[in-house]
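The values are calculated or read from the model by the stated rules, or taken from the named source; none is laboratory data. Given the structure is predicted, the values throughout are model-derived calculations rather than measurements. Cβ atoms come from the backbone with ideal geometry, glycine included; neighbour counts cover every protein chain shown. Please note that ligands, DNA and RNA were not included when accessible areas were found on the heavy atoms of the full protein model with its side chains. Shrake-Rupley method; radii C 1.70, N 1.55, O 1.52, S 1.80 Å.
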Amino acid sequence: MILTEEQLQGLLDKSLAELPRGTEWAVALEGSIAEGFGNPSSDIDFLLIGRSEDDLPTMPSLLFVDGRRVEIRTRSVRQLADQFRSLEKGAKRPGRLSEDLLNRCQRLLHSHPLRGHALVDEVKATLPVELFRRIAADWWAHRARQSLRHAMALLSLGDTDEVVDWTRAGLVQTVKSWAAGRGETYLEPKWLSLQLDRTDRPDVRDRYWELAAAVPAPGNADAVRDHLAACLAFVADLGLTGVPWRPERLTVERVAGVTTWSTGERVHVIRGRREVFALGDRAAAVWRSLVLGRPLPQVLAAIADTGVVDAGPRLAAFLRYGLIRLAWKGGGTVTPSLPLAAPPGPVTPPPSTVQPPLSVRGAAVSGPHAIDLVPLPADRFAAAAMALVWSNVVVENAIEDLTGALQRGQWRVAELAARRAVHAALRGLFSAYGVHPLPADPDLVRRIDLLPPAVRPIRARAEELLRRTVDSAERGDDLLAELRAYVALVRDTAGAEAFPSSFDSADTWRATLQLGYDWLRIGAYLDAELPIEEARDLLAGHGAQPHQAA
């Protein structure tokens, strides 16, 4: 150790002097210094063990003694026994074994007693060292398999940058597994060089460093492939099983809770009923071409046969976002992870900044390759989109009412119909920006300040139209023309410029119903609020009118 017994005892005395009195502790030195590693910057880790029946705090206390950082942890004998029992129980499924639990048990088993040696030894004896070595070796081996299988998959997808990183990770994890089987169980990889030096296997050590230094440039696909193959051969020599060069053993699988919904040409993928991803045209083409349950090479070939090119990066992104998963035949889902890093799992990207986020044809996207996270929770996304469609139906109905009133000289009826159209168009505008629930109609104009500055000129147009009166056919025709221009402006801003003229013909009404039905299906799946009660009948009739002959 880099500190003498006398120095450690002196640091311990000064540390204990800063703690509350009254408890008799057994004390062990843990961590890198106890392992024989460390340097002048390494902190001093003291574990205080007591026979208290109470749960002692997990959080350490940090002290600064004689220019060194001292970390004090406390644990009762019962808590330590529980740790070891949990470790043995979890060892049967190394993929789910907590890294923190493994680390805590390892540090105790390799600790150096300073006070109360008998109690420290009693606690350590609860878990045989040989058993712990096997558990640690299996834990690292599981992670190595996941990393190397993931690297193999990414190579098939053409993502050479990540192949290099995950190959390096798998190499480190394999060597850590091999070293753990020989007693070098300390988890932190930064001391790997010293651990390898202590195994007395210079051949393994030198080959590892040779491969670690031979990392190819990510853009060179052939070199990346050769390096991965060399690493797979090396790890097989070290006894790691389950990673032969067999990309066909990787299959593309469905993820529970991931569903697909189309509105017009836009494809939306909903993850876990919470997040909505909107796909650009090219990303959507890859998604539509996916045949799940097949080997990855077959999936890529089938997508290419449909005429879609460069599908690999899109599949890699779907995988990263947890929209699909990869499985190894006979080995379950491929879930790569790194020690002392973020936990594994799907990535949630920053929300899309495209404005407005919604249109009647689907969520807005940033480009043809986009896999954009809609900046709304899924239920509000669906509710706002349904309100957007329904608002435009109301606009069409109000304009129809206005036209009929003008033909009959019903001036006050025309004024009310025009105001209804103004308000309905504003409801659509707010809905396109994800506002839900909506402000009350009289408040809509004043609340335009909730929306981006670019849409605020609409406020003046709306205010002017709401003040208009009609007392002649000429003024009525002017109002109708200005209202149509206003509706066109709002629809262009809200992505509803192609909305069908719902009441012009049977065909336009049918198109309106189909558009509403597409959104109602998503809303019903997410238990979102429906815009009107009649929508349930449209949903039940699969988009058809309830009284229409077959």
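Within region 391-413, identify whether any single residue is of a type in the set (Asp, Glu) and either within 18 Å of residue 493 (Cβ to Cβ) or touching a Leu at 6+ places or on another chain (Cβ under 7 Å) (or both), and answer yes or no. If you could, list the steps in order and put the result at the bottom.
Of all residues in region 391-413, those of a type in the set (Asp, Glu) come to 396, 400-401.
Then drop every residue that is not either within 18 Å of residue 493 (Cβ to Cβ) or touching a Leu at 6+ places or on another chain (Cβ under 7 Å) (or both), which leaves 396.
Yes, region 391-413 contains a residue that is of a type in the set (Asp, Glu) and either within 18 Å of residue 493 (Cβ to Cβ) or touching a Leu at 6+ places or on another chain (Cβ under 7 Å) (or both).
If residue 224 satisfies all but one of (1) surrounded by fewer than 17 Cβ atoms within 10 Å (Cβ to Cβ); (2) over 30 Å from residue 376 (Cα atoms); (3) of a type in the set (Val, Ile, Thr), what's the number of the condition it fails?
Residue 224 satisfies every listed condition except (1).
Among all residue pairs at least 6 apart or on different chains, which show Cβ distances below 6 Å where the first residue, located in region 162-173, is touching a residue at least 24 places away in the same chain (Cβ under 8 Å) and the second is surrounded by 20 or more Cβ atoms within 10 Å (Cβ to Cβ) and of a type in the set (Phe, Trp, Tyr)?
Short answer, once both residue conditions are applied: 173/140.
Within region 16-39, is there a residue that is among the charged types (D, E, K, R), touching a Gly at 6+ places or on another chain (Cβ under 9 Å) and within 26 Å of residue 184 (Cα to Cα)?
no
Of these, 447, 412, 408, 420, which one is closer than 23 Å to residue 508 by Cα and either surrounded by fewer than 24 Cβ atoms within 10 Å (Cβ to Cβ) or aromatic (Phe, Trp, Tyr) (or both)? Spell out how you get there, then give the answer.
On the way: 447 fails: closer than 23 Å to residue 508 by Cα; 412 fails: closer than 23 Å to residue 508 by Cα; 408 fails: closer than 23 Å to residue 508 by Cα.
Within the list 447, 412, 408, 420, the selection yields 420.
Any residue in region 266-286 that is of a type in the set (Gly, Ala, Ser) and without any contact (Cβ under 8 Å) to a residue 12 or more places away in the chain?
Looking through region 266-286, none of the residues is of a type in the set (Gly, Ala, Ser) and without any contact (Cβ under 8 Å) to a residue 12 or more places away in the chain.
Say whether the condition of being surrounded by fewer than 19 Cβ atoms within 10 Å (Cβ to Cβ), among the hydrophobic types (A, V, I, L, M, F, W, C) and either in contact with a His (Cβ under 9 Å, 6 or more places away or on another chain) or within 22 Å of residue 252 (Cα to Cα) (or both) is met by at least one residue in region 327-337.
Yes: one or more hits.
Scanning for something open to solvent by 30 Å² or more (accessible area, probe 1.4 Å), out of contact with any His (no Cβ under 8 Å at 6 or more places or on another chain), modelled with pLDDT of 90 or more and not in a helix (DSSP H, G or I), does region 375-389 turn up at least one residue?
Yes - at least one qualifying residue is present in region 375-389.
Any idea which of (1) modelled with pLDDT of 95 or more; (2) open to solvent by less than 20 Å² (accessible area, probe 1.4 Å); (3) under 20 Å from residue 100 (Cα atoms) is the one residue 178 doesn't satisfy?
Every listed condition holds for residue 178 apart from (3).
Sort out which residues of region 4-30 are buried (at least 19 other Cβ atoms within 10 Å of the Cβ), of a type in the set (D, E, K, R) and assigned to a helix (DSSP H, G or I), and write them in order of number.
Within region 4-30, none qualify.
Show the residue pairs that are 6+ apart or on different chains and have beta-carbon atoms under 8 Å apart, the first residue being within region 465-481 and open to solvent by less than 70 Å² (accessible area, probe 1.4 Å), the second being polar (S, T, N, Q) and in a helix (DSSP H, G or I).
Here the result reads 480/403, each pair linking region 465-481 to a residue that is polar (S, T, N, Q) and in a helix (DSSP H, G or I).
Can you pull out every residue in region 31-53 that is surrounded by 13 or more Cβ atoms within 10 Å (Cβ to Cβ) and small (Gly, Ala, Ser)?
31, 32, 34, 36, 38, 42, 50, 52
Can you tell me how many residues in region 54-82 are in a helix (DSSP H, G or I) and either loosely packed, with under 13 Cβ neighbours inside 10 Å or in contact (Cβ under 8 Å) with a residue 24 or more places away in the chain (or both)?
Within region 54-82, residues that are in a helix (DSSP H, G or I) and either loosely packed, with under 13 Cβ neighbours inside 10 Å or in contact (Cβ under 8 Å) with a residue 24 or more places away in the chain (or both) number 5.
Give me the pairs: first residue in region 22-36 and closer than 14 Å to residue 194 by Cβ, second residue part of a loop (DSSP other than H, G, I, E, B), beta-carbon distance under 6 Å, and six or more apart or on different chains, which are they?
Going by the 6 Å Cβ cut-off, the qualifying pairs are 32/38; 32/42; 33/1; 33/42; 34/111; 35/110; 35/186.
Could we say that residue 260 is in a loop (DSSP other than H, G, I, E, B) and either open to solvent by less than 40 Å² (accessible area, probe 1.4 Å) or hydroxyl-bearing (Ser, Thr, Tyr) (or both) here?
The answer is no for residue 260.
Could you look through region 241-254, keep only residues that are β-branched (Val, Ile, Thr) and either open to solvent by less than 30 Å² (accessible area, probe 1.4 Å) or not in a loop (DSSP other than H, G, I, E, B) (or both), and pick out the one that is nearest to residue 323 (Cα to Cα)? Steps first, please.
Filtering region 241-254 for residues β-branched (Val, Ile, Thr) gives 241, 243, 251-252.
With either open to solvent by less than 30 Å² (accessible area, probe 1.4 Å) or not in a loop (DSSP other than H, G, I, E, B) (or both) added as a condition, the list becomes 243, 251-252.
Details: 243: 24, 251: 14, 252: 11 Å.
Filtering first and then ranking leaves 252.
Hey, does region 304-311 have a residue that's polar (S, T, N, Q), farther than 22 Å from residue 270 by Cβ and open to solvent by 20 Å² or more (accessible area, probe 1.4 Å)? Reasoning before the result, please.
Kept after step one, since they are polar (S, T, N, Q), are these residues of region 304-311: 306.
Narrowing the set further to residues that are farther than 22 Å from residue 270 by Cβ leaves 306.
After this cut, where a residue has to be open to solvent by 20 Å² or more (accessible area, probe 1.4 Å) as well, the list is 306.
Checking region 304-311: at least one residue is polar (S, T, N, Q), farther than 22 Å from residue 270 by Cβ and open to solvent by 20 Å² or more (accessible area, probe 1.4 Å).
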